[in-house]
């Protein structure tokens, strides 16, 4: 058992009422338990995180992690399909789940005195899922329709999917979380059963509880329900990296859409994968300089100033299991074309490569970072989410507490350095949406499709 004190810097920045001790335990079967007390309201959030997501999937079964997430609500040896959700609702709680590239998580929010209900149900489906072929046959059709609605019939999502598919040469982030339609169409319930047996085990899971609880009581419940579960021999993941990119990669996506869209990405390191520990934080700061509210450069210069874009954005996530991308996107304003938009976006990046960001600009962003952290502490769910995400990616949850301090340390020279090092054309992949007439979406040859032309 390990009890962690909140760092002094955090105490100086955040309201004491929002802070508490974090307690860590590991059961004999390898199950990790992290508990954070927050006694401001009589509720608790319980989250079970599995260290598996779409980036673990081999070719031929892409989407299996997400499909299994759906089936986790479809019955165990003791519960009928849908009964899990009915029991949580009957106890006044809310529940859901999500799958990402790096993890799969299941969560409940309920009165703190009903926490045992969530533990009993989660422990049951961790090892006792039935995976009925009949239920799967119905659910896979739901998943395929979800893919059509969220990706194939959504032009910007389709364009991003194609960008990722051509940008990554080695890393499994090339595959969509929901899976490729061809894999979904041939997926069998046996694929899910094998995936479940391999990864859904106590030694590959993390339980995070935040709320009005006593750690000793939560630990006792965890031992009672999760302690008897048998561990699995979980496959060890080899270190993956991208080969150097040696020139711009472009892809054109043609699909029914109202307006064109442009997105490009630069391969970048994440926390733990770069040579310099400060680089991910400098990249986070760089993204905020370009797209950190109405006073950020894209909004100020491109949307309101030059009026070359209806919208323009930048994004980067320092926390991921594998190296990712720094993304820039935009939609041209009426009367402006894609070439003008592309050049305007690249000009903004070039300016950051040539000139130092002002201290006043960085200070504005630091103030936003601190404010966002305070808002996060208002939510027990957000506090649990932050801990669980990091632990599920085999990163230390304490990185979240260090984030504000590390962002405050970023210098103008570091922002310019990462812009010069990573945001270069030879490291760029660009996807452009070329709109087709919307009435083609109703024709048999184009509906739900969209195809890529590679150069």
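General observations
- Every listed requirement among (1) part of a loop (DSSP other than H, G, I, E, B); (2) in contact with a strand residue (DSSP E or B) (Cβ under 6 Å, 6 or more places away or on another chain) is met by residue 236 save one, (2).
For (1) touching a strand residue (DSSP E or B) at 6+ places or on another chain (Cβ under 9 Å); (2) surrounded by fewer than 20 Cβ atoms within 10 Å (Cβ to Cβ); (3) over 23 Å from residue 190 (Cβ atoms), each residue gets a yes or a no:
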| site | (1), (2), (3) |
| --- | --- |
| 41 | yes, yes, yes |
| 49 | yes, no, yes |
| 52 | yes, no, no |
| 57 | no, no, no |
| 72 | yes, no, no |
| 89 | yes, yes, yes |
| 94 | yes, yes, yes |
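- The set of residues from region 426-435 being surrounded by fewer than 17 Cβ atoms within 10 Å (Cβ to Cβ) and either in a strand (DSSP E or B) or modelled with pLDDT under 95 (or both) comprises 434, 435.
- Condition met for residue 211 (on the phi > 0 side of the Ramachandran plot and either surrounded by fewer than 21 Cβ atoms within 10 Å (Cβ to Cβ) or touching a residue at least 12 places away in the same chain (Cβ under 8 Å) (or both)): yes
- Test result for residue 151, modelled with pLDDT of 95 or more, over 30 Å from residue 219 (Cβ atoms), in a helix (DSSP H, G or I) and touching a helix residue (DSSP H, G or I) at 6+ places or on another chain (Cβ under 8 Å): yes
- All positions within region 124-137 that are assigned to a helix (DSSP H, G or I), surrounded by fewer than 18 Cβ atoms within 10 Å (Cβ to Cβ) and either at pLDDT below 95 or in contact with a strand residue (DSSP E or B) (Cβ under 7 Å, 6 or more places away or on another chain) (or both): 124
Every residue, every condition in (1) in the same structural domain as residue 161 (by TED's automatic domain parsing); (2) buried (at least 22 other Cβ atoms within 10 Å of the Cβ); (3) touching a helix residue (DSSP H, G or I) at 6+ places or on another chain (Cβ under 7 Å); (4) over 27 Å from residue 154 (Cα atoms), yes or no:
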residue	(1), (2), (3), (4)
255	no, yes, yes, no
264	no, yes, no, no
301	no, no, yes, yes
314	no, yes, yes, no
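- Among the candidates 80, 89, the residue that is assigned to a loop (DSSP other than H, G, I, E, B), in the same structural domain as residue 213 (by TED's automatic domain parsing) and free of Cβ contacts under 8 Å to residues at least 12 places away in the same chain is uniquely 80.
- Hits in region 106-123 - residues which are out of contact with any helix residue (DSSP H, G or I) (no Cβ under 8 Å at 6 or more places or on another chain) and buried (at least 16 other Cβ atoms within 10 Å of the Cβ): 111, 112, 114
- Subset of region 94-104 (residues that are in a strand (DSSP E or B) and within 11 Å of the chain's Cα centre (by Cα)): 98, 99, 104
- Which numbered condition residue 396 misses (of (1) in a helix (DSSP H, G or I); (2) free of Cβ contacts under 8 Å to residues at least 40 places away in the same chain): (1)
- So residue 360, is it without any contact (Cβ under 8 Å) to a residue 40 or more places away in the chain and out of contact with any helix residue (DSSP H, G or I) (no Cβ under 6 Å at 6 or more places or on another chain): yes
The values are calculated or read from the model by the stated rules, or taken from the named source; none is laboratory data. What you see is a predicted model; the values in this text were computed from it and never measured. Positions of Cβ are generated from backbone atoms using ideal geometry, with glycine treated the same way; all protein chains shown enter the neighbour counts.
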